[in-house]
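Here, each number is a calculation from the coordinates, and none is a lab measurement. Predicted, not measured: the structure shown is a model, and the values here were computed from it. Cβ placement follows ideal geometry from the backbone for every residue including glycine, while neighbour counts extend to all protein chains displayed.
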Ligand code: TR5
């Protein structure tokens, strides 16, 4: 019983800290942890890289395959939309190409990961209501298990 309680406690603690991370994340134009990954200052499990896009495995995977795809140059793309007036405009006309490239690259990486036969899910969490925690636009590629709808 004690170990069951410990498992439950750690489960809820993990949920709380994940949620807290997103709730405490103040939308900001400041550099993020992803810049350090791009500059190879901290290690990441990189699965794809070209001159514009970097893809690496999520440190806290929510599915057997959980990969983040990010633009190597953020260029104002903290996310998709503008949450606070303090922030720059975010997705603009000039970002159309990189936004399309991220989506297309997600398909390439999905193929690389063997996900094309059964399918997969792409997610962008945007702003506090979307539970975004890192303010460098990123696409989540999730696969390798049956997804449910609606998402939590
Ligand atoms: O909540 P959003 O949509 O903003 O997604 C941010 C994602 O970044 C989460 O799924 C985190 O698990 C993931 N993340 C956070 C860090 C990190 C990471 N993925 C790979 N490597 C990471 N490092 C080294 N450090 C992080 N803080």
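A few remarks follow.
- Relative contact order [Cα under 8 Å, 6+ residues apart], region 39-138, whole percent: 27 percent
- Full-extension gain in nm, residue 73 to residue 92, via 0.36 nm per residue minus C-alpha separation: 5.4 nm
- Label positions at residue 145 and residue 107, each projected 7 Å from the Cα along the C-beta direction, are separated by 2.7 nm.
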